[in-house]
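Here's the structure we're looking at; comments come further down.
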Amino acid sequence: MTELEELSVEEQRLEWDTPLFRTALTQFEQAIPYAEVNVSIAERLRYPERAVMVTVPIRRDEGHVDVFPAYRVQHSSVLGPTKGGIRYDPHVTLGECTALAVWMTWKCALLRLPYGGAKGGVRCNPRELSPRELERLTRRYTSELRGVIGPQEDIPAPDMATNEQTMAWIMDTYSMQVGHAVPEIVTGKPVALGGSLFRHEATGAGVVMVIERACGRLGWPLAEQRCVVQGFGNVGGIAAQELVAKGATVLAVSDISGGIYSPSGLDLDAVRAWVAAHGTLEAFPDVQHVSNHELLELPCDILVLAALEGQLTAENAVRIDAKLVAEGANGPTTIEGDAILGERGILVLPDVLTNAGGVTVSYFEWVQDLGRLFWTRDEIRARLADKLADAFDRVWELAEEKGITLRQAALVAGINEVAAALKARGIYP
Ligand code: NAD
């Protein structure tokens with residue numbers, strides 16, 4: 001007998017059952033007792049609807065072929081097409097994509113967007129691929145997913161190491177295959193192709209809108225807060241800029257090369273100019289250089305996590321020296337880390353709420369593309385602020401009413417929306 005045959009069906013691990021998926025599932029189980037969900041519906045929601053694995057061969061610039069594993073997972077299509085980013089990263093797995101797809105479902109439902117969650121990615125090191133190689137990778141990955149993505153089926157968006165250009169390649173590949181331009185197949189694309197104004201800034205700006213709303217409830221003037229931001233990419237870079245625009249002080253930021261710290265506050269214009277010229281924060285002058293681990297433990301009021309998952313853990317949560325943690329990244333706090341922060345009275349603004357600005361403006365982009373009618377930047381910013389304020393208030397009030405954490409409340413609110421729709425639709429057939 002093989003090892004697998006010796007296990008009962010219940011004991012056999014599902015292909016996507018990895019530590020990050022366990023985190024997403026544990027959060028679901030922690031929310032379920034407070035949600036209005038019957039056991040059959042809860043059971044359905046523990047599984048992705050569809051998990052696709054493909055392999056993507058590309059010819060390297062030197063002439064040989066390399067093959068990369070790639071994935072797309074769709075968690076729930078109950079409320080509409082699935083929606084979620086595509087990341088290029090050496091750590092992409094089926095389990096990572098599944099966890100991120102589950103979080104996307106709760107996020108879309110919490111924001112009352114007519115979508116379910118999806119996520120995809122290619123396991124590769126994007127820093128080792130040339131722009132031409134990245135284009136070939138993106139076009140082949142898109143072709144491999146031709147049967148599962150679509151404007152009414154599953155709509156990709158950018159995530160780690162993918163950007164507007166990546167979305168343009170996906171849109172072009174898909175459009176060439178169907179024979180006409182289909183801008184609504186992706187969001188986060190260039191404005192010239194039907195992208196939305198303010199999409200680029202939406203996630204980072206949304207993080208700060210949520211922080212500002214929380215500060216309002218807590219009676220903390222945002223302009224007096226000292227902030228540390230992990231990650232200086234799309235989310236972290238814009239969040240830092242928005243914090244400074246609101247008068248807050250940003251003491252430290254970091255990227256994959258490490259962090260820079262100035263107790264009196266960083267000159268962000270100078271930091272941005274340096275990164276534009278040199279590609280990383282490394283060797284930025286006249287500041288203290290810290291590791292990413294040290295950065296997380298710097299004394300501050302607000303710690304913004306905007307890099308990757310699993311950053312606050314049982315190991316370091318005891319040393320976090322912030323009053324508020326804002327999760328701009330997906331899944332940056334482990335279950336154990338979360339519990340320790342809770343015991344220490346450090347408030348956590350959960351990812352499904354805090355970084356929902358991106359998918360909300362993606363939804364605006366899709367609606368504009370379908371209607372072939374485009375809104376102004378001010379209109380979009382105002383609509384985003386309304387959506388996030390509404391979601392924040394529902395989460396805050398639910399947390400108070402039920403005596404639960406903001407994360408539990410955000411998940412309960414999202415789960416209730418999906419469960420009500422699934423109950424009304426029924427389990428097919
Ligand atoms: P990005 O690639 O633009 O930026 C990622 C940043 O993290 C970069 O500064 C990178 O140098 C840094 N980084 C990478 N590895 C690191 C490491 N080991 N230690 C410290 N820093 C590291 O990606 P992004 O779009 O800003 O996404 C960041 C996070 O936000 C991800 O978790 C993503 O899923 C989430 N998110 C993004 C969006 C969006 O609209 N872009 C929306 C919602 C959630």
*asked:* Which of the three applies to region 1-129, rounded, prolate or oblate, going by the alpha-carbon gyration tensor with a ≥ b ≥ c and a/c under 1.5 meaning rounded?
replied: oblate
_Residue-by-residue Karplus 3J(HN,Hα) for region 285-300, coefficients 6.51, -1.76, 1.60, Hz, glycine and proline x_ = x, 6, 9, 7, 9, 10, 7, 4, 5, 5, 4, 4, 9, 5, x, 6
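Let me spell out the model: positive unit charges on the Cβ of Lys and Arg, negative unit charges on the Cβ of Asp and Glu, origin at the Cα centre of region 266-341. What dipole size does that give, in debye rounded to 20?
Dipole size: approximately 80 debye.
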*Output the antiparallel fraction of DSSP beta bridges having both residues in region 200-354, as a percent to the nearest 5.*
30 percent
*From the residues 227, 192, 206, which one has its Cα farthest along the dipole of the chain in the positive direction, the dipole being from +1 and -1 charges on Cβ of Lys/Arg and Asp/Glu about the Cα centre?*
192
*Amide proton proximity set for residue 68, modelled H, under 5 Å, gap of 5+*: 56, 58
*Which whole-Hz couplings ³J(HN,Hα) result when phi for each residue of region 240-256 is put into the Karplus expression 6.51 cos²θ - 1.76 cosθ + 1.60, θ = phi - 60°, listed in order with x for Gly and Pro?*
4, 4, 5, 4, 5, 4, 8, x, 6, 9, 9, 7, 8, 9, 8, 9, 4
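Taking every DSSP beta bridge with both residues inside the chain, roughly what % is antiparallel (nearest 5)? Numbers along the way, then the final one.
Numbers: 23 of 51 bridges.
Given both bridge residues lie in the chain, the antiparallel proportion sits at roughly 45 percent.
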*With a sphere of radius 10 Å drawn around the Cβ of residue 148, what net charge do the other residues whose Cβ falls strictly inside it have (Lys, Arg +1; Asp, Glu -1)?*
0
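What does the accessible area per residue of region 200-354 come to in Å², with a 1.4 Å probe and no ligands, DNA or RNA counted?
Normalised by residue count, the accessible surface of region 200-354 is 37 Å².
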*Global size of the chain as Cα Rg and Dmax, reported in angstrom*: 21.0, 66
*Gap in Å between the Cα centre of region 108-149 and the Cα centre of region 226-255?*
27 Å
*With the dipole of region 23-122 worked out from charges on the C-beta (+1 for Lys and Arg, -1 for Asp and Glu) around the Cα centre, which of 51, 109, 34 lies farthest toward the positive end?*
109
*Shape category assigned to region 182-292 from the gyration tensor of Cα positions, a/c cut at 1.5*: oblate
*Long-range amide H contacts for residue 82: which residues qualify at under 5 Å (H placed 1.01 Å from N, peptide plane, sequence gap of 5 or more or a different chain)?*
116, 154, 155
_Would region 107-182 count as rounded, prolate or oblate if I go by the C-alpha gyration tensor, calling it rounded below 1.5 in a/c and otherwise prolate when a/b exceeds b/c, oblate otherwise?_
oblate
*Can you work out the FRET efficiency for the pair residue 15 and residue 180, with r the C-beta to C-beta distance and R0 = 35 Å, to the nearest 0.05?*
0.45
*Roughly how many Å is it from the Cα centre of region 363-409 to that of region 72-90, as a whole number?*
19 Å
*Please give, to one decimal in nm, the separation of the simple spin-label points placed at residue 288 and residue 153, each 7 Å out from Cα toward the Cβ.*
5.3 nm
*Counting only C-alpha contacts under 8 Å and six or more residues apart, can you give the relative contact order of the chain as a whole percent?*
17 percent
*Among 299, 243, 333 the positive-end extreme of the charge dipole of region 239-386 (Cβ point charges)*: 243
_Among 224-236, 164-176, the order from most to least packed when residues are scored by Cβ within 10 Å on average_ = 224-236, 164-176
*For the chain, with only Lys/Arg (+1) and Asp/Glu (-1) charged at the beta-carbon, what is the dipole magnitude about the Cα centre, in debye rounded to 20?*
1100 debye
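The values are calculated or read from the model by the stated rules, or taken from the named source; none is laboratory data. It should be emphasised that the depicted structure is a prediction, and the values quoted were computed from it without experimental measurement. Positions of Cβ are backbone-derived with ideal geometry, glycine not excepted, and every protein chain shown enters the neighbour counts. Heads up: the accessible areas ignore ligands, DNA and RNA and are worked out on the full protein's heavy atoms, side chains in. Shrake-Rupley method; radii C 1.70, N 1.55, O 1.52, S 1.80 Å.
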